[in-house]
Amino acid sequence: MPGPYRSLFADRTFRRLMPVFALSDLGDGMTVVAIAWLAFALGPDGGQGALAGVAVAAYVLPGALGALVLGRWMRRLPAQSLLVTDSALRAVLLGAVPVAHAAGVLTPAVYVGLLGASSLLHAWGKAGKHALFAPLLSDNQRLTANSVLSTSLWSAMIAGPALAGLLVGVVSPVWIIGLDAATFAVLAFQTGRINLPCSPTSGPVASDTRQGLSILRRQPELLGLLVVTWVFNLAFGPVKVALPLFVSDNLDAGAGLLGAYWAAFGIGAVVGALALGTARQLPLWPAMLGIIAGHGVGMLPFAITHTAVPSLIGFVFAGLVYGPYSALSFTLIQDRAPADSLTTVLAARNAVLLTASPLGAALGGFLLDRTSAPAILVGCGALMILIVPTSTVALKLYGNHRRWHQPPRPGRPSGRPRPRPRPQSNRPAAARHQPQPRRR
């Protein structure tokens, strides 16, 4: 094991908490398949797609609302309390889904309500998770710890959907959501019983969000990056709803193949993230726009519905090109944002982007009842490809506007050359104003 990871896992607290972090990540990875699959089972005829879109949105979207509305109370809690509170709430409410199913009262409204309430504090829980080790680790160890946490999330994206696809063939998806609740219960118990120094979270997210948005409005390039990323995530949102229906109706397959799709996407994303060293040598904006276009191209093979091979290969390619996108966008923000305002800009970015994918999933669910799943998947890819020329034209117009249409400075007519400054004498000011003797 490399030296930084050796010293990180030598810390007893990190060594005790990292397994339960990975376990909860795996539970969330399984819900990628289970939430939509259960919505298809609960939804009425002709409304399965709409219910799946609303359910996927309900599992994520209230977290943005909780980050903005509950900041007055939640920001006072230490990181450990934030993580324990969020994990306990998710364990109770997600665990209520199989209980309601066993009691025969699990209606679509009850299902969506439990999912939405369970995600209300999740933004605070994620903040507490990343701030938990701040008082314990050195700067180099914090960077390594963040890398380990990110690797756990990507690994869960590979293993979680594949495992859920296998379990759906044996048990109902409602029990898979119950397993996710159990992982959060273990996380809350293990985190709560460890003695950690009380350290507050990194500032109030609600006020940071407002301040970060004002900074983004004064930085047009960062604002453009936020808009492009938001539209990109919005275009990907319907995929989470249309893909299960594509597998079940068009390919006449089960949840195992759906898990294979998401596992293939995760494998491609891991390989793409590891190949980030090559992408760093490219200009950031062209590289990110190329990623968006390549992701859209990977969605086009879903037009072929008689076999899964072309679309599976395309989904692997989409994950491969998507892998470096987050790191490249963070690099651009670090290069352009003021150093003392970087945290506030990132807080505003996260609060805004958290709304894109759920809204796309809800929109895709309503469209799914009016058109076919392949049409939505291919349409998502076409929208991603369309983002690239639109953003390119906007960037060129913005560059020309800044170069040729800057307003003239006050006190100097537009178009006139700047007057040359008069040479200044090295003598003191008092001596310069005294009369000088005439030279013969």
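Annotations
- The label-point distance for ASP369 and ALA10, in a model that sets each label 7 Å from Cα toward Cβ, rounds to 6.0 nm.
- The per residue volume of the convex hull around the alpha-carbon atoms of the range 1-122 is 138 Å³.
- A simple spin-label model places the labels of ALA253 and ALA41 2.1 nm from each other, with each point 7 Å out along Cα-to-Cβ.
- FRET efficiency estimate (nearest 0.05) - Cβ-Cβ, ALA303 to ALA100, R0 35 angstrom: 0.35
- 3J(HN,Hα) from dihedral phi, the range 36-51, Karplus parametrisation 6.51/-1.76/1.60, rounded to Hz, x for glycine, proline: 5, 5, 5, 5, 5, 6, 8, x, x, 4, x, x, 5, x, 4, 5
We did not get these values from a lab; they are worked out from the coordinates using the rules stated. All of these numbers come straight from a predicted model, not from anything done at the bench. FYI the Cβ positions are ideal-geometry reconstructions off the backbone, even for glycines, and counts take in every protein chain you see.
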